[in-house]
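Data first, discussion second: the structure below is written as structure tokens.
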């Protein structure tokens, strides 16, 4: 019923005097009250809460969820302390706020992004009958650093009309605008605060979308994409090393893998010797993080995996979780040493230098760099798609079944195709074509991924048998692991049977024609 | 949300209808309920008390003909969640305006219908009369809140209303939809006459006579000066407390029994 307040930025001080003077007797201003509040802004690294159109903050001794502008309340939690560190969905209070936020953030941790201190002065504007026609809240916000120093942010006026007094509100704004230097607030307060803290309001997402022009020299297009990927790698390194949440490592690895796919698919734009070294080093980076990621997945998916066996034997698997957690700790330690090493630092610094060279434009030694990216990427997409048709066509399901490695190789190739479509599909094909293509590919990848997960889980269980056996409760755990292995094998076989169906769709006549026509 | 419609009504004037409507609506809004007062009195006393200009764009005729956009006529008061549909002088012809329709008694209910979804409570502040407007108010209201001055003739007025509420509308024992909830208004507890009338009526009409009585106080008169409900400018006064008690009693009596 009540419309949202209008939010304006004031470049001049907004006080009772300045407001009253500006109203010039047509209306009068009356000061109601003044309040001070602190708000610790919380969101995930990739701003999943913001993505839902919300702002989450710890304020007035509780968590509060509001709209992006921090004007309309969405939900509030019970009284609680401000989080001292990362906070997960499981740490959120039960109730509407907890449910909504937990659904939005999934596995990610909520991080404190900054502390806002806001002084609010409330006024009401009265007409000649002394009737309130407009309410004005003047917000004077500051960003407070950990050390306590404050950075002033823009003064905001929130102008709330009283129902039925729209004309009066417009008159009030017209009167205040020149005197207070009012302008539309193009950025919500939390975004302004996060920007002032040196962070990106939109956070860091693995979704890299670099607008490309089909006629652009491929060397420049490739360089721009790789630089965007490098930003994501850099941004996720600290969270990966601190083990803030599992998705830092995931996003780090996805960007490394995407970089490797681009290195492989557009190799002709690089100096071959330098590229050989870079590819080797990126492969090493990827391998250095594999165990840690695999163990993250095992630990995170433990409950789901445990639920594959009969309920009464599930508690017997507790020693397996203990062993997984131990291994995870060791793997993260090893990964940390690798990523902090001189070798890793040098790899990234050399890579940056290589991208700088690409930025200089096409080199006479590498004529491919001159070619328009549209044609180059289309050729690569067609080629990888064709290769997948060959690989998938050779896979046998049923009696004389292909080894799991062949499914895995096809999946790796599928990831390469997906990255090509996502990163380089746009200059040639419309999103309405690329998106359904990725969807069909994703159906295939889901089946292959599920199959691969099961195979890896089976290997993991076998490799952990000795370690689990010596733990308290080990013998019972081994028996339960045997039951689990059988279930996983059964599930892997079931997944392989699904393969033919999804591959048929992926390799069907329509899909082949679509790829051929789109990436001609 | 489907609003409960409560009308402050009495055939007689000067018994505290507007004071009751304004104060009870204020308390409903303060309790967190979206509340509307519709000032149906051409004198526009509740409109005046909320400092709102007595102006009904298009006049009463357009409103009851459903040609006005009623949402655009509503004004916010100075109190959160409390809106007012103002009166103006065109309401003096409301009887005639209603009479132009085939079933005039149902007309106000039709005007209210679209607003029911937006509010928890709609208070109708009625002009003193027994007329077509009153009939239409009876059809629209879930309950009549009837202020009674504890004087000898008052009980007669009240009995007439009870008769009306209990009348057989379809010849088969069906009753009109509204309930009558009466309360003592402008009570002078020092007057033996008031005390005896109150005692007698409470005994005779204990089902419909509310417990709380509103004192005859300067604070209520002061509303005209302050142009605000008593609860807003003198929340600890006996009158404000009495309205609080009355509002509690009304909510308790209304309970879950709603007009179907």
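In region B:80-93, which residue that is more than 12 Å from chain A (Cβ to nearest Cβ) and part of a loop (DSSP other than H, G, I, E, B) is surrounded by the fewest Cβ atoms within 10 Å (Cβ to Cβ)?
Filtering region B:80-93 for residues that are more than 12 Å from chain A (Cβ to nearest Cβ) and part of a loop (DSSP other than H, G, I, E, B), the one surrounded by the fewest Cβ atoms within 10 Å (Cβ to Cβ) comes out as B:88.
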field: Test: residue A:126 is closer than 30 Å to residue A:183 by Cα, touching a strand residue (DSSP E or B) at 6+ places or on another chain (Cβ under 9 Å) and within 14 Å of another protein chain (Cβ to nearest Cβ)
entry: yes
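Taking the condition out of contact with any strand residue (DSSP E or B) (no Cβ under 7 Å at 6 or more places or on another chain), modelled with pLDDT under 95 and closer than 14 Å to residue A:369 by Cα, does residue A:212 pass?
When the stated conditions are applied, residue A:212 does not pass them.
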message: When you check residue A:276 against the structure, is it within 30 Å of residue A:367 (Cβ to Cβ), surrounded by fewer than 19 Cβ atoms within 10 Å (Cβ to Cβ) and over 28 Å from the mean Cα position of the chain (by Cα), yes or no?
response: yes
query: Does any residue of region A:128-142 turn out to be in contact (Cβ under 8 Å) with a residue 40 or more places away in the chain and closer than 30 Å to residue A:418 by Cα?
result: no
field: Among (1) in a helix (DSSP H, G or I); (2) farther than 20 Å from residue A:305 by Cα - the single one residue A:520 does not satisfy
entry: (1)
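Which of the residues spanning region B:218-255 are outside any helix (DSSP H, G or I), under 28 Å from residue B:180 (Cα atoms) and within 14 Å of chain A (Cβ to nearest Cβ)?
Selection gives B:228 alone.
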field: 3 or more residues away from chain A (no Cβ under 12 Å): qualifying helices (runs of 4 or more DSSP H) within region B:25-79
entry: B:59-64
query: Does residue A:116 meet the test of being more than 14 Å from chain B (Cβ to nearest Cβ), in contact with a helix residue (DSSP H, G or I) (Cβ under 8 Å, 6 or more places away or on another chain) and touching a residue at least 60 places away in the same chain (Cβ under 8 Å)?
result: yes
message: Looking only at region A:108-143, count every residue that is assigned to a strand (DSSP E or B) and within 30 Å of the chain's Cα centre (by Cα) and tell me the total.
response: 12
- prompt: When you look at residue A:189, is it away from every other protein chain (no Cβ under 14 Å), at pLDDT 95 or above and touching a helix residue (DSSP H, G or I) at 6+ places or on another chain (Cβ under 9 Å), yes or no?
  reply: no
Residues located in region A:57-83, provided they are within 13 Å of residue A:193 (Cβ to Cβ) and surrounded by 22 or more Cβ atoms within 10 Å (Cβ to Cβ): A:57, A:70
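The values are calculated or read from the model by the stated rules, or taken from the named source; none is laboratory data. Worth saying up front: this structure is predicted, and the values here are computed from it rather than measured. Reconstructed Cβ throughout: ideal geometry from the backbone, glycine too, with neighbour counts over all protein chains shown.
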